[in-house]
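Contents: one structure, followed by commentary.
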Amino acid sequence: MRLNIACIEGDGIGPEIVTEAKKILDKVASVYGHEITYTNILMGGASIDVHGVPLTEDAVAAAKAADAVLMGSIGGDTTTSPWYKLPPNLRPEAGLLAIRKALNLFANLRPAVLYDELADACPLKKEISSAGFDMMIMRELTGGLYFGERHTTEENGVRKAVDTLTYDENEIRRITIKGFEIAMKRKKKVTSVDKANVLDSSRLWRKVVEEVAADYPEVTLEHMLVDNCAMQLVKNPGQFDVILTENMFGDILSDEASMVTGSIGMLASASLNDTKFGLYEPSHGSAPDIAGKGIANPIATILSAAMMLRFSFDLDREADAVERAVKNVLKKGYRTIDIMSEGCTQVGCKEMGDLLTDEIN
Ligand code: IPM
Ligand code: MG
């Protein structure tokens with residue numbers, strides 16, 4: 001199969017981790033008989049430095065021409081980087097929001113899994129973590145507060161800022177359908193998270209979710225208020241299978257869920273539209289403080305590449321092989337510094353990439 005992949009290395013540790021992901025993809029291609037072409041795209045700070053904007057039209061066109069996008073991470077240190085002296089619409093993050101919108105990537109999948117080998121890193125009490133957990137956060141990604149109308153004004157010396165939270169039923173329905181489809185392949189449970197005791201947008205969310213649920217009698221649906229969900233994630237994370245929620249709630253809850261695993265350097269993500277196209281990136285940020293030191297954990301990016309093989313190319317066997325490689329290397333006791341524990345062997349970013357690549361054969 002021909003795999004036409006656009007690569008956004010991005011900022012900070014982005015280039016290092018994408019290099020390792022490409023290494024393992026190339027090995028997969030040679031073992032399983034595929035051909036990969038990569039096209040590099042600039043986004044975020046890297047694009048600002050060259051073009052003065054975080055995303056160009058050409059970059060969007062190049063991404064659209066690919067079958068999938070593999071991304072590292074974007075952004076810099078918000079207190080010291082000159083990128084953050086620019087107006088908000090020209091900062092690195094604006095590039096990420098713009099590409100999500102331009103490619104219609106409305107469904108964001110963020111798995112939060114407790115790896116057996118890394119259970120010690122989980123900050124929860126043993127009696128909670130020993131039950132394990134494996135959830136998929138499905139975050140709506142192109143609507144809500146992130147893309148509503150916003151402005152800042154000043155009237156009679158009083159400054160005022162407005163952001164608007166809007167959803168129409170079609171936006172809710174398409175992410176909900178994706179959520180139920182994913183649940184059908186998992187433990188068949190959907191927890192829809194909202195703030196229906198206060199917000200109109202949440203009350204519509206709940207109605208539409210119930211309408212969609214009628215088409216999936218095998219899936220158990222429950223509704224949960226977002227503040228309660230934030231509590232339940234630390235109290236009993238094992239209760240969740242698919243968490244379905246709107247953009248802003250999903251942003252916050254997915255960070256919480258990743259922290260609960262204790263190993264954010266391991267968590268992948270996929271952002272999908274209604275075709276096979278997707279953008280795949282680690283759940284963690286660009287970690288400018290450790291950029292260039294060769295110590296970043298490339299596993300989240302490598303697992304994102306596995307999601308790409310699975311969702312955009314239907315290459316389940318190849319995706320399984322990459323995921324198995326990660327488990328094997330962890331079992332053998334190799335760790336990057338962020339997941340290091342006593343008795344294990346500490347390795348750098350490149351060594352970790354090499355070890356994983358060697359497992360594919
Ligand atoms: C994320 C990030 C982004 C978001 C930022 C960088 C704009 O936090 O992908 O979760 O809020 O969506
Ligand atoms: Mg976030």
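Considering only residues in segment 327-338 that are of a type in the set (A, V, I, L, M, F, W, C) and in contact with a helix residue (DSSP H, G or I) (Cβ under 6 Å, 6 or more places away or on another chain), the one that is surrounded by the most Cβ atoms within 10 Å (Cβ to Cβ) turns out to be Val329.
Entry remark, segment 238-250: residues being among the charged types (D, E, K, R) and within 13 Å of Met136 (Cα to Cα) number 1 in total. For Val198, state whether it is away from ligand 2 (no atom under 16 Å from the Cβ) and surrounded by 14 or more Cβ atoms within 10 Å (Cβ to Cβ). It is false that Val198 is away from ligand 2 (no atom under 16 Å from the Cβ) and surrounded by 14 or more Cβ atoms within 10 Å (Cβ to Cβ). Taking the stated definitions as given, is Arg91 of a type in the set (Lys, Arg), without any contact (Cβ under 8 Å) to a residue 60 or more places away in the chain and surrounded by fewer than 14 Cβ atoms within 10 Å (Cβ to Cβ)? So Arg91 does not fit the description; no. Summed over segment 234-263, residues that are within 16 Å of ligand 1 (Cβ to nearest atom) and either part of a helix (DSSP H, G or I) or of a type in the set (Gly, Ala, Ser) (or both) total 15. For segment 285-300, the set of residues classified as assigned to a loop (DSSP other than H, G, I, E, B), closer than 25 Å to Arg324 by Cα and within 16 Å of ligand 1 (Cβ to nearest atom) consists of Gly285 only.
May I ask you to list the residues in segment 213-244 that are within 22 Å of Leu165 (Cα to Cα) and in contact with a Gly (Cβ under 9 Å, 6 or more places away or on another chain)? Those that are within 22 Å of Leu165 (Cα to Cα) and in contact with a Gly (Cβ under 9 Å, 6 or more places away or on another chain): Ile243, Leu244. Scan segment 66-87 for residues that are away from ligand 2 (no atom under 16 Å from the Cβ) and not in a loop (DSSP other than H, G, I, E, B) and the total you get is 7. The single condition among (1) in contact with a strand residue (DSSP E or B) (Cβ under 7 Å, 6 or more places away or on another chain); (2) not in a helix (DSSP H, G or I) that Ala62 does not meet is (2). Look at segment 297-312: where a residue is buried (at least 24 other Cβ atoms within 10 Å of the Cβ) and a partner is among the acidic types (Asp, Glu) and at pLDDT below 95, sitting 6+ places away or on another chain with Cβ atoms under 8 Å, you get Asn297/Asp338. In segment 182-193, is there at least one residue being of a type in the set (S, T, N, Q), at pLDDT 95 or above, more than 20 Å from Gly278 (Cβ to Cβ) and buried (at least 18 other Cβ atoms within 10 Å of the Cβ)? Yes: segment 182-193 contains one or more residues that are of a type in the set (S, T, N, Q), at pLDDT 95 or above, more than 20 Å from Gly278 (Cβ to Cβ) and buried (at least 18 other Cβ atoms within 10 Å of the Cβ).
Here are some residues: Pro82, Pro87, Pro92. Which one is at pLDDT 95 or above and within 21 Å of Ile17 (Cβ to Cβ)? Within the list Pro82, Pro87, Pro92, the selection yields Pro92.
Residue-level check: of (1) within 16 Å of ligand 2 (Cβ to nearest atom); (2) farther than 26 Å from Pro237 by Cα; (3) not in a strand (DSSP E or B), Ala321 misses just (1).
In this structure, is Ile290 surrounded by 18 or more Cβ atoms within 10 Å (Cβ to Cβ) and farther than 18 Å from Asp67 by Cα? Spelling it out, it is not the case that Ile290 is surrounded by 18 or more Cβ atoms within 10 Å (Cβ to Cβ) and farther than 18 Å from Asp67 by Cα. Here segment 313-361 is the region considered, the condition is being touching a residue at least 40 places away in the same chain (Cβ under 8 Å) and touching a strand residue (DSSP E or B) at 6+ places or on another chain (Cβ under 8 Å), and the residue that is nearest to Arg2 (Cα to Cα) is Phe313.
If you go through segment 244-268 and keep only what is under 12 Å from the mean Cα position of the chain (by Cα) and more than 13 Å from ligand 2 (Cβ to nearest atom), you end up with Gly265, Met266, Ala268.
The values are calculated or read from the model by the stated rules, or taken from the named source; none is laboratory data. Quantities reported herein were computed from a predicted structural model and do not represent experimental measurements. Neighbour counts are summed over all protein chains in view; Cβ atoms, including those assigned to glycine, are modelled from backbone coordinates with ideal geometry.
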